[in-house]
Amino acid sequence: MTGDFMIYAALNVAFVLLASPLFMTIIKKVKAWAQGRKGPPLLQGYYNLAKLVKKETVYSPNSSWIMRTAPYVNISVMLVAALLVPIVMIPEPAYGMGSVILFLYLLALGRFFMALAGLDAGSAFGGMGSSREMTISAIIEPITIVVFAAMSFALGTANIYEMFAAAPAMPSLLPIAGALFIILIVETSRVPVDNPETHLELTMVHEAMMLEQSGRNLALMEASHAVKQTLLMAFLINLFLPWGMAGPAGIIFGALAFLAKGVLLCVVIGAFESSVAKLRLFRLPSLFMAAFFLSALTVVMEIFA
Amino acid sequence: MLAEIFYGGIAALLAAGIVPLAFSGRKAAGTFSIASAAAGCVALLALSVYAFFSNGSESFAIYSILPSVHIGAAIDGLSSFFIGMISAVALAVIAYSSGYVEHHEGGRRSKNALLSLMCIFIFSMVMVAASSTMVSFLLFWEIMALSSFLLVMFEYRKKETAKAGIFYFVITHLSTVFVLYGFLSIYQATGSLDIAPAGAAAGAAFLPLFIGFGIKAGIVPFHKWLPYAHPASPSNISALMSGVMIKVAIYGMARFLLFVLRPEAWWGVLMLAAGTVSALLGVIYALKEHDIKRLLAYHSIENIGIILIGMGLYVVFSSAGMPELALLGLAGSMFHTLNHALFKSLLFLTAGSVVSAVGTRNIEDMGGLVKRMPYTAMLFLIGAVSISALPPFNGFVSELMLFQAFLQSGTLASPALKIFLVACLALFALTSALAAACFVKAFGITFLAVPRSESAKNAREVSLPMLAGPAVLAASCMILGIFSFQIFGFAGYAVPIPDMAIIGMLLAVSYAAAFYALRFWSPESVRVSETWGCGIPSQNAKMEYTASGFSEPIITIFKPIYRTNKHSERLFFDKYGSIFKEGKAEIELVKFFEEYLYMPVAKAANYIAACIAGFQNRGLNSSVLYAFAASLLLLLVVRAFT
């Protein structure tokens, strides 16, 4: 690997790992404010992870090695995915890195093992969570792919690095921003798709799958979930608000700019979550249809433009 | 030299087929058969790998039956690819069979018959791929159909098997009829029975050939035989049928539709449409299945759809004058053919091990097998990860190539075609996401959590040969995925996809880094304690999520496609219907294709047969009369047309 790419890789992954828990906490904070509560301190996300790593891990006697490996598979998938989404700077594409399909299927790999871990302990909650998670991710998949097809038609590339380099996206791509936002909400299990705050069986999808995870495994799962959120946020930010993203010289400036924009987006997410109610599972396809409409519209506009 | 190896390999396979029949009562004959077949496959594999990478083509020998009717064999890039695939999978299946046959019920004669038929089946598939004339193609195609029919009927005493076998027999001959018709129209256009480029004149052969090969490959709506025939046959045969026999039909399509005929743009559109529909319906039906082998059979329909999508992309792009994308589509399609052969036979073999250990094909009666059959579970998981197209394994790479081709279709000129391609792309993405959901179900319910039945609780790991065969396939799935970039490079194609070796290495490095970083931070302490069950102290199998429960949300969302009918009857104590007395409800699956496509055809055929039946069996005199009348008619017709 070239030296430049190594530097980029180390910085990008380190930034994503460090910033992700903060973004999670900010959303919690915004939601707390909306409910008239004070909310957790900004560093609570980091304290939680540090606490969980030191706690003992409890395994069900029913569970197998799937339960033991799934958290590590998830975090390593997210670390590799973090290489594909440039945040602090845009490197030269090397080894075909930056393929958008690879990014999506790395997320799918993590999800596959997470869902298996949900079934592993033999708890009905875990099975329910896995089943719902796989359903939701399956029906959001065609929308995601159409969004990226629209972008690759418009920007002439299916490589994330090149897409980001071609940003800011033209105004005709704005409907895509709406679709990307819905994808972000769905993939990070937020209201109205799921509720990250509760462990009630009626609402939970992602949390149900995590129910049997504990100790450092839970910490890994939560960290990878936070990383996934940051990466998906990066698509919205770097495609539609790319200003401040600098070359190798301005890495620190670029990182700070991303942090500021990320905080802004988190406030939007928090406000959005506070203003809508959880949808019934079988009402979700209509939300997805809205996203599909936005992305299909863009494709049609691109094709006839 | 190539010819000698080819003859040697073929002769070894043929001997492996004949010897156990001749000495049907001896165990040694079975052992000889396995050894000879394995040797034959190794020879053919080596030959085809060499021929494929050296890009050589060679024709072996031609036997004339009649003037201008020849039987011949030849090897070029395409056929060596398929021969290599057939012999590689066959090798693993033979290794598996050496253990599986011993578990199989029945006496020595029955075991030897199974081995013998299997070797003849493998032989016929190799010869179809090696045929250089349409006559020998049809001849071996028929041997393949007959030997596979006998193998499907192997457990003929079971009622279900008999039904599946007859169904398969009819459908497979329907396929032959269409293929024969296609061949005759090529002959009419070119005047030659050799398999050689026929030019644009033979375009009329497209539809019959597409339907003929489509039936055999299991394309929707001709797919119904697959979910009947595959579960009915012994597991090693299911692996061969699903892994390679339907690929022989793909070979026929690739050979005749893409290279013998000259593809036109609308063929590509038809292939894409048929492929997308097959892929989507295949996986959607698979989600509903709880019979593990039938579930896998439906996934074969899905994957055949994906292969067809790739061929469709090739035709669309090449007729639009975009050779690079066309090559990407074709390479993706062919690579997926190979990958599917590997992981589907892996899945069928390991599923066969599970079925023979648990004694049922219903996954609702399995569970907890990961602890009882750890190696089988591991191998099945590798197959599941590959078929779900997850990186860095092989299934992902071939689907990635197709996705890349789709995403670059923005440069196509025709807007209508672009919109069509985006629609296909969206459904293709849906397909592969649903496949992942289905394999979470298949692996999770079969292998994880608590056993759901007594027999699953007592299941034992299978014998070494039954692990060795699948292990070879699993290793090839991993190697073909991780080193895909290098392998394509070696074959002289700089494929525009990420280097999976790097991705795989990065995944491994970050796994190890996360593991050791946490260990370094604080030592891990572990406790084993009951699964949380809302306060109920001990968890039992009834509390687990079931396979039906798992797929319920998806089934509800796609309800219009399943066409279920729900009936409910309720009786009340009072006339206002407020105090419920009793009732019943039933859900019934409308077998759409059977009711609306197969049954009308079958009824029409029966009706016509009933009309003709009156002329039958009227003794020798009337038979002679019929023969005379028919000859006279034929002469008159020929006279009228020439």
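Scan the range B:379-395 and tell me whether some residue there is surrounded by fewer than 24 Cβ atoms within 10 Å (Cβ to Cβ) and either closer than 25 Å to B:Gly275 by Cα or facing another protein chain (nearest Cβ under 10 Å) (or both).
yes
Anything in the range A:104-150 that is without any contact (Cβ under 8 Å) to a residue 60 or more places away in the chain, over 14 Å from B:Gly549 (Cβ atoms) and in contact with a Lys or Arg (Cβ under 9 Å, 6 or more places away or on another chain)? List them, or say none.
A:Ser137, the sole residue that qualifies.
Are any of the residues in the range B:4-23 modelled with pLDDT of 85 or more and more than 21 Å from B:Phe121 (Cβ to Cβ)?
Yes, there is a match, as at least one residue in the range B:4-23 is modelled with pLDDT of 85 or more and more than 21 Å from B:Phe121 (Cβ to Cβ).
Would you kindly identify the helices (runs of 4 or more DSSP H) lying entirely within the range B:273-392 that contain at least 2 residues that are farther than 25 Å from B:Gly504 by Cα and over 16 Å from the mean Cα position of the chain (by Cα)?
B:292-319, B:323-358, B:369-372
Check A:Ser214 against each of (1) touching a Phe, Trp or Tyr at 6+ places or on another chain (Cβ under 9 Å); (2) away from every other protein chain (no Cβ under 11 Å); (3) of a type in the set (Ser, Thr, Tyr) and name the one condition it does not meet.
(2)
Can you find, within the range B:552-567, the residue that is nearest to the other protein chains (Cβ to nearest Cβ) among those that are touching a residue at least 40 places away in the same chain (Cβ under 8 Å) and within 11 Å of A:Ala138 (Cβ to Cβ)?
The qualifying residue nearest to the other protein chains (Cβ to nearest Cβ) is B:Ile554.
Output the number of residues of the range B:616-639 satisfying the condition of being loosely packed, with under 10 Cβ neighbours inside 10 Å and within 46 Å of the chain's Cα centre (by Cα).
Matching residues across the range B:616-639 total 2.
Inspect all residues belonging to the range A:44-55 and state whether any of them is away from chain B (no Cβ under 14 Å), farther than 22 Å from A:Phe112 by Cα, without any contact (Cβ under 8 Å) to a residue 12 or more places away in the chain and surrounded by fewer than 22 Cβ atoms within 10 Å (Cβ to Cβ).
Yes; the residues of the range A:44-55 include at least one that is away from chain B (no Cβ under 14 Å), farther than 22 Å from A:Phe112 by Cα, without any contact (Cβ under 8 Å) to a residue 12 or more places away in the chain and surrounded by fewer than 22 Cβ atoms within 10 Å (Cβ to Cβ).
Among the candidates A:Ile176, A:Ile143, single out the residue that is under 22 Å from B:Ala423 (Cβ atoms), assigned to a helix (DSSP H, G or I), more than 9 Å from chain B (Cβ to nearest Cβ) and within 17 Å of the chain's Cα centre (by Cα).
Result: A:Ile176 is the single residue among A:Ile176, A:Ile143 that is under 22 Å from B:Ala423 (Cβ atoms), assigned to a helix (DSSP H, G or I), more than 9 Å from chain B (Cβ to nearest Cβ) and within 17 Å of the chain's Cα centre (by Cα).
Given the condition surrounded by 24 or more Cβ atoms within 10 Å (Cβ to Cβ), touching a helix residue (DSSP H, G or I) at 6+ places or on another chain (Cβ under 7 Å) and at pLDDT below 90, answer yes or no: does some residue in the range B:401-423 qualify?
Among the residues of the range B:401-423, at least one is surrounded by 24 or more Cβ atoms within 10 Å (Cβ to Cβ), touching a helix residue (DSSP H, G or I) at 6+ places or on another chain (Cβ under 7 Å) and at pLDDT below 90, which makes the answer yes.
Within the range B:466-497, how many residues turn out to be within 13 Å of chain A (Cβ to nearest Cβ) and free of Cβ contacts under 8 Å to residues at least 40 places away in the same chain?
Total meeting the criteria: 4.
What is the residue count in the range B:427-457 for residues that are under 25 Å from the mean Cα position of the chain (by Cα) and surrounded by fewer than 24 Cβ atoms within 10 Å (Cβ to Cβ)?
Residues meeting the conditions: 2.
Can you confirm whether the range A:284-305 contains a residue that is in a helix (DSSP H, G or I), more than 26 Å from A:Val30 (Cα to Cα), of a type outside the set (A, V, I, L, M, F, W, C) and out of contact with any helix residue (DSSP H, G or I) (no Cβ under 7 Å at 6 or more places or on another chain)?
yes
Mind checking which pairs have a first residue in the range B:523-545 that is within 21 Å of B:Ile445 (Cβ to Cβ) and more than 7 Å from chain A (Cβ to nearest Cβ) and a second that is surrounded by 12 or more Cβ atoms within 10 Å (Cβ to Cβ) and modelled with pLDDT of 85 or more, Cβ under 6 Å, 6 or more apart or different chains?
B:Ala541/B:Val450; B:Ala541/B:Arg452
Please work out which one of (1) farther than 17 Å from A:Leu107 by Cβ; (2) facing another protein chain (nearest Cβ under 8 Å); (3) not aromatic (Phe, Trp, Tyr) is the condition B:Ala436 fails and give its number.
For B:Ala436, the exception is condition (1).
Let's see how each residue does on (1) farther than 19 Å from A:Ile136 by Cα; (2) touching a Cys at 6+ places or on another chain (Cβ under 7 Å); (3) at pLDDT below 90:
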| site | (1), (2), (3) |
| --- | --- |
| A:Val227 | yes, no, no |
| A:Thr230 | yes, no, no |
| A:Lys278 | no, no, yes |
| A:Phe282 | no, no, yes |
| A:Glu302 | yes, no, yes |
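Residues that are under 30 Å from B:Val220 (Cα atoms) and of a type in the set (A, V, I, L, M, F, W, C): does the range B:613-633 have at least one?
Scanning the range B:613-633, I find no residue that is under 30 Å from B:Val220 (Cα atoms) and of a type in the set (A, V, I, L, M, F, W, C), so the answer is no.
Give B:Leu207, B:Leu257, B:Leu184 a once-over and let me know the one that is under 18 Å from B:Val601 (Cβ atoms) and free of Cβ contacts under 8 Å to residues at least 60 places away in the same chain. Full working, then the answer.
Numbers: B:Leu257 fails: under 18 Å from B:Val601 (Cβ atoms); B:Leu184 fails: under 18 Å from B:Val601 (Cβ atoms).
Going through B:Leu207, B:Leu257, B:Leu184 in turn, the sole match is B:Leu207.
Going by the structure shown, is B:Val440 more than 19 Å from A:Thr135 (Cα to Cα) and among the aliphatic types (A, V, I, L, M)?
no
So, in the range B:583-612, how many residues would count as being surrounded by 10 or more Cβ atoms within 10 Å (Cβ to Cβ), outside any strand (DSSP E or B) and among the hydrophobic types (A, V, I, L, M, F, W, C)?
Of the residues in the range B:583-612, 11 are surrounded by 10 or more Cβ atoms within 10 Å (Cβ to Cβ), outside any strand (DSSP E or B) and among the hydrophobic types (A, V, I, L, M, F, W, C).
Looking at the range B:511-522 only, could you name the residues that are among the aromatic types (Phe, Trp, Tyr), more than 7 Å from every other protein chain (Cβ to nearest Cβ) and more than 43 Å from the chain's Cα centre (by Cα)?
B:Phe520
May I ask you to say which residue of B:Phe558, B:Phe520 is of a type outside the set (Lys, Arg) and either within 21 Å of B:Lys441 (Cβ to Cβ) or surrounded by 11 or more Cβ atoms within 10 Å (Cβ to Cβ) (or both)?
Only one candidate qualifies: B:Phe558.
Hey, does the range A:83-97 have a residue that's more than 9 Å from chain B (Cβ to nearest Cβ), acidic (Asp, Glu) and either surrounded by fewer than 20 Cβ atoms within 10 Å (Cβ to Cβ) or not in a loop (DSSP other than H, G, I, E, B) (or both)?
Taking every residue of the range A:83-97 in turn, at least one turns out to be more than 9 Å from chain B (Cβ to nearest Cβ), acidic (Asp, Glu) and either surrounded by fewer than 20 Cβ atoms within 10 Å (Cβ to Cβ) or not in a loop (DSSP other than H, G, I, E, B) (or both).
Of the conditions (1) among the hydroxyl-bearing types (Ser, Thr, Tyr); (2) modelled with pLDDT under 95; (3) under 20 Å from B:Phe348 (Cβ atoms), B:Ser453 fails just one. Which one is it?
Going through (1) among the hydroxyl-bearing types (Ser, Thr, Tyr); (2) modelled with pLDDT under 95; (3) under 20 Å from B:Phe348 (Cβ atoms) one by one, B:Ser453 breaks only (3).
Sort out which residues of the range A:117-127 are at the interface with chain B (Cβ under 7 Å from one of its Cβ atoms), part of a helix (DSSP H, G or I) and either crowded, with 24+ Cβ neighbours inside 10 Å or aromatic (Phe, Trp, Tyr) (or both), and write them in order of number. Talk me through it step by step, then tell me what you get.
Just the residues of the range A:117-127 that are at the interface with chain B (Cβ under 7 Å from one of its Cβ atoms), to begin with: A:119-124, A:127.
From the residues that got through so far, the ones that are part of a helix (DSSP H, G or I) too are A:119-120, A:124, A:127.
Once the filter is applied, which keeps residues that are at the interface with chain B (Cβ under 7 Å from one of its Cβ atoms), part of a helix (DSSP H, G or I) and either crowded, with 24+ Cβ neighbours inside 10 Å or aromatic (Phe, Trp, Tyr) (or both), the range A:117-127 yields A:Leu119, A:Asp120, A:Gly127.
If a residue must be more than 8 Å from chain B (Cβ to nearest Cβ) and either crowded, with 22+ Cβ neighbours inside 10 Å or not in a loop (DSSP other than H, G, I, E, B) (or both), how many such residues does the range A:155-167 contain?
Counting residues in the range A:155-167 that are more than 8 Å from chain B (Cβ to nearest Cβ) and either crowded, with 22+ Cβ neighbours inside 10 Å or not in a loop (DSSP other than H, G, I, E, B) (or both) gives 8.
For the range B:253-300, what are the residues that are in contact with a Phe, Trp or Tyr (Cβ under 6 Å, 6 or more places away or on another chain) and small (Gly, Ala, Ser)?
B:Gly282, B:Ala286
The values are calculated or read from the model by the stated rules, or taken from the named source; none is laboratory data. Everything numeric in this text was worked out from a predicted model, so none of it was measured. Ideal geometry is used to build each Cβ from the backbone, glycine not excepted, and the neighbour counts take in all protein chains shown.
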